Structure formats: C-alpha cells, structure tokens
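Please read the structure below before turning to the comments.
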Amino acid sequence: MKKNISPITIFLQGIVNQMKDRDEGKVADYIPELALADKSWLGIALATVDGKFYTVGDIDKEFTIQSISKAFTYGLALEENGIDKVTKKIQVEPSGDQFNAISLDQSGRPSNPMINAGAIASVSMINGLAEEVRAKIFNTFSIYAGRKLKIDEKVYQSESNTGHRNRAIGWMLRNFDIIENDPVGILENYFKQCSLLINCKDLALMGATLANNGVNPVTQERAINSDYIKYIFSVMTTCGMYDFSGNWLYHIGLPAKSGVGGGILAILPGELSVAIFSPPLDERGNSSKGIKVLKRISSYYNLNINNVTPLQTNSFIRASLDLENLTSSKQRSENEKEIIRKHGKKALVLIIQGSLGFSGYEMITRKVLESSENKSFVLLDINRVMNIDKKIYSLFWEFFQFLKIHNITLLFSSESKSIGLSNYFKEQYEGKFFQTLDNGLEYMENIFIDHFSSSRNISSKFELTDFQVINGLKGDDLQNLQNILQQTEYKKGDTIINIGDIADKIFFLAQGDVDVSITINGKNLKVSSIGAGNTFGEMGLTDQSLRTANITVSSEVARCFELKIKDLQSKKFLNLRLVLMNNIISELSKKLNIANKQVQKLL
Ligand code: GLN
C-alpha cells in the first residue's frame, strides 16, 4: 500500500482518468482568448474548512475566474451597503434566462446577481472611484484565495474589445437608474474581475473560506463579514448555474457558481468546497464535464444541503447532575460538607456539548424547565461546546432573565476561548460566568454555606486538635507538635506557596480560605481551593520535591500553623511522624476516591 495517499484522492483521481479525454461540450469562443483553452484539461480540488486539500489532475493550470467572481463581488456589495440597499437594486429570483440576457424583471431590476446584469450592478454598488473599486475587488479576492491574484491581461483586453453585449447591459442599467453613474468604468472593472487568474486550488480555498463562515482556513484572515454569507449561498443555490439551477439543486444539491473559463465552485456550508476546472461548456455556459464530475462526487459522498440527519435526543446534554452528586474540589470542613449535601439538589448542573443552534438551545431550555422545581441555580458547563450560533448568545440572555423572574440564577462555565464566548458572556452576565466548572460549583456551594450556616464567618477559627491529620495524636506527641509549630498570618492576595518552591513545610489552615492555582501559558488558572480546618503542602512529608501549584489567600485574612519538615527529623518525633503519615495517606485515599467518582460522572 502506498502510504499517504488518501482514499479520497484515489476516488477523485479515478474520475479524472475516466473523464479527461471524453469529448463533450465546446470551449467558449465569444471571448477570443478563451478559445485557446485545451479541451482535455481537468482538475479537481476539494478543500475542507480546516484547510486540508485533496487535489488531482490539472491543478496548477491557471484559468480566468469569469462568472464565479459574481458571488464574491456580490458579497462585497452586501458588506458595503447592507441587504436592504442591495435588494432595492438587484432582485434575488432565478431568471431562467441565459447568463448574458439583456433583461430586467417587472420592477426594473436585474433578476439576480448571478447573471451579468446583476453582477454589473453589484460592481456599481462598490463605493469609490474606478481604480479604488478595482483595488477593493482584487484585494478581497486575494484574501479569499490566500495569495495575491493577478489579472490575465490578454483575456481582459479580449473581453473588453468584444464585450458589446455587456456594454449594452450596462447602459440599460444606467437607463433604469440601477446604475447611477457613467457605466464605462464599472464595465471595465467587471471585465477585470472576470479576468482574474486562479487555479483549481485557489478556487477551492475561496470556496472553503465561504464554507468556513468567511475566514480563510489557511491564512486565518477574514474575507467577509459572516452576516452576509447566507445571502451569497442563497443566490448561488437558486441562480448560480443559470437556467440549470433547478436541476442542479435537485441532483447535486450544493450552492454553486460556474464561469465560462471552465471553473465550477460548489460548497457544502460549514464543511467543504469542491472546485472543478474543465473548459468545454454546455449550451448554458456551464462546464459540462464539471457538472458530471460534481454529480459523481456529491452522490458518492452524499454531499447535499438538503440531506436530513435527525438529531439524537439529548445529544446536547452530556450529563445532568447536581451538587449532591458533583461537588467542587474545594477541601471543606464536615460542617460545610453537610450543608452542601443537604441543599445540593437545589443546584442543577448540565454538561453541554456539540454545536449549539436553535435545537441545542431548545433542548437545554426544555431540560432546565423539566428539572426546575426547587432549584436556585442552573449551571451550564459549555466547555465541550465547540461552536455557538451568534443568535444563541442573545437567546441565553433572554433565558437568563426569564429564570431570574422565577428566582433561579443561570450560571455558565467555559474556558473555551476558541468560540469567543467568554468575553461576550463576561460582560453580559458579570459574575455569572466561571472559567472552570469547578469554580462554578464552588461559587454555588459558598452561597449555600453563607446562607445556611455561620461557619464561613471570617472569624471561625480551628484549633490544632480539630485537624483530621492529627487524629489519634496524644500526650507528649501532641505537646511536641505544638512546640514546633509556627503561627503565621497572611492577608488577602498573599502568596503562601509558589510553583517551584521546595516543599519543606506542612500548613494547617486555621482560619480563612486559600486558592490553589497553576500557571498555563503565563496565566494563572484556579484549579481548586481550601477552606479552614484543612491542611495543605503535606506532600512535603513524603518527598521533599518542588511545589506544583501556587497557594494564595482569597479571604481577608488567613492564619496557618506551619510545620517545618526538618524539625521532625529527631528520634523523639518518630511516633508523631507515623501518625501524620497514616492520616495523610487515609485523607489522600479518600480524596482519590471522590475524584474517581467525579471523573466517572463527567465521562
Ligand atoms: N466575463 C464573462 C461575461 O460577462 C462572464 C460570463 C460567465 O462566466 N458566464 O461574458
């Protein structure tokens, strides 16, 4: 087996081998320069939204983009004017006419932006002097293609010298005030945009940029505001293949655009694009082999925007839990644990996954309402959500306010910067957004504890004998320990332990709270916290390695009894050390048990 050759490439290569020498269609000759193309050129490029290419055949051969440009220029016109202004000038109905029809609909507008009349009108809607407009078009197309595109001078001259029919269309548009200035410069820009040179791979990347919601998947540069992409796809779907668009949608089912240079671009939004280059055209001006090739690819891989894949019920909710069965990693006193056990059912925790659009939103709201009885909090953990439709942000905001009326607080936890959510949510929800699930759990626990006990009162102090790690320590041993302990007081924000410090002390936290954090890419991430009555740093007793987490004070004050490990070396502390070791091991094994159980719940 030949390594590195994908089955996808093998399939595409098979198509090229079969189709290459078939004699069908006729190379365009109404623009004389186009007639020079070779009938047997055939290239296929498939590009994914993460920038992977599958290419076969005449992949590097350059050709002029021609009418495929219309989709991209239409996008630019939308971006500059908004849809209201643009639709006032250019309709969006399939015309059933030829691409170069000299026609307007009853309202005096071109039927759609994919025929020449509509495309010339799109160029006229890009603001600026002729040279600026040309530069805008070239720059934008170059962002889509990920490289600086150049014009084929000969094709441009050839088209400009013979483009009388397009000039007639331009002047007709002027007559009906669709174009409000002199159309001459606009037409030249139209001819120039049609003469931009691309190869099959460029075209696939231009399509993948649209499929990727406007961001070029290779350069990561945005080519168009994502709000307008659905309108481009819409006209590509209904009008992109001219008077073949109905059949195209029926058999192939992908938004597409063809050009008389022999290119066809077809897109599966959100997933991929396929670009074909084969110069011979059918009577409608679409690449005839291109249509056949795309038909085979779309049916072989079942690519069709009208495919139906019903959602799995509940696929958005990975786990539904509450504070009774999932607690934060904060080390707490028995008293506090008891409160959490008692009130834990009041906090619903939903672990959400997938890509959230309306259906995800519907599923979440449904689940929350079904389990909302006696709830004070709903925490949505969206760490596993890869993508959220923008509209859903505002729907969540609406739901937040809805729940508030019913005395339920909606909280979110998410670290995922990739979907750009946290910033948006942080502003809108203020304190209702947490970096990690654990932080969100702790927040709810603290509120229950504050509400149902006085044990979180800042003045609550623990005596040495309250600590679990010295269980069973009596008489002299206890006295000895007391003698070597040092009392230290810290203020809010003080760092007690730094990553990399030598682990030479054990801390008994008698008063206050501390945060445990680690540093990732220079940033501090809180991973858990510890409350009064617990010990930390006890690993130092087993091996005096280096600290692996930072400990900082989060309460106004914190008071610790500190035990230097080197003070324990003497023989008289042998029993003391044994007791400490025993208790530490039993604590650790308890913690490990809890952690294992929690991991299972979150799997
Ligand atoms: N430049 C060509 C024209 O206007 C584009 C037509 C096309 O590709 N269908 O005639």
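The table below lists the values:
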quantity: Residue in segment 13-32 that is part of a helix (DSSP H, G or I), farther than 25 Å from GLY270 by Cα and within 16 Å of the ligand (Cβ to nearest atom) present; calculated: yes
quantity: Extreme residue, farthest from the ligand (Cβ to nearest atom), among residues of segment 162-183 that are within 19 Å of SER195 (Cα to Cα) and of a type in the set (D, E, K, R); calculated: ARG167
quantity: Lone qualifier among GLU153, GLU131, GLU159 - being within 30 Å of SER226 (Cβ to Cβ) and either more than 14 Å from the ligand (Cβ to nearest atom) or of a type outside the set (A, V, I, L, M, F, W, C) (or both); calculated: GLU131
quantity: Whichever residue in segment 260-300 is more than 20 Å from GLY14 (Cα to Cα) and among the β-branched types (Val, Ile, Thr) and, among such residues, is nearest to the ligand (Cβ to nearest atom); calculated: VAL260
quantity: Elements of type strands (runs of 3 or more DSSP E) in segment 323-420, at least 3 residues being touching a strand residue (DSSP E or B) at 6+ places or on another chain (Cβ under 8 Å) and of a type in the set (Val, Ile, Thr); calculated: 347-356, 377-388
quantity: Verdict on SER320 being polar (S, T, N, Q), closer than 30 Å to VAL260 by Cβ and touching a residue at least 40 places away in the same chain (Cβ under 8 Å); calculated: no
quantity: Any chance LEU311 is in contact with a Phe, Trp or Tyr (Cβ under 8 Å, 6 or more places away or on another chain) and over 24 Å from MET114 (Cα atoms); calculated: no
quantity: Enumeration of residues in segment 71-102 that are of a type in the set (Ser, Thr, Tyr) and in contact (Cβ under 8 Å) with a residue 24 or more places away in the chain; calculated: THR73, TYR74, SER95
quantity: Residue match in segment 152-174 (condition: more than 24 Å from ALA28 (Cα to Cα) and in contact with a Phe, Trp or Tyr (Cβ under 9 Å, 6 or more places away or on another chain)); calculated: no
quantity: Neighbours by Cβ (under 7 Å, 6+ apart or cross-chain): first from segment 186-208, touching a residue at least 12 places away in the same chain (Cβ under 8 Å) and within 11 Å of THR64 (Cα to Cα); second among the basic types (Lys, Arg) and within 16 Å of the ligand (Cβ to nearest atom); calculated: LYS192/ARG134
quantity: Enumeration of residues in segment 246-259 that are over 28 Å from the mean Cα position of the chain (by Cα) and within 13 Å of the ligand (Cβ to nearest atom); calculated: SER258, GLY259
quantity: Segment 60-95: number of residues that are buried (at least 18 other Cβ atoms within 10 Å of the Cβ), modelled with pLDDT of 95 or more and in a loop (DSSP other than H, G, I, E, B); calculated: 4
quantity: All positions within segment 190-202 that are more than 12 Å from the ligand (Cβ to nearest atom) and in contact with a helix residue (DSSP H, G or I) (Cβ under 7 Å, 6 or more places away or on another chain); calculated: ILE198, ASP202
quantity: Single residue of ASP50, ASP29 found to be under 23 Å from ALA211 (Cβ atoms) and out of contact with any His (no Cβ under 7 Å at 6 or more places or on another chain); calculated: ASP50
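Every residue, every condition in (1) touching a helix residue (DSSP H, G or I) at 6+ places or on another chain (Cβ under 9 Å); (2) within 30 Å of LEU592 (Cβ to Cβ), yes or no:
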position	(1), (2)
ALA223	yes, no
TYR250	no, no
GLY263	yes, no
GLY270	yes, no
VAL274	yes, no
SER298	yes, no
LEU303	yes, no
ALA319	yes, yes
ASN325	yes, yes
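The values are calculated or read from the model by the stated rules, or taken from the named source; none is laboratory data. This structure is a prediction, so every number in the text was calculated from the model and none was measured. Virtual Cβ from ideal backbone geometry, glycine too; neighbours counted across all protein chains shown.
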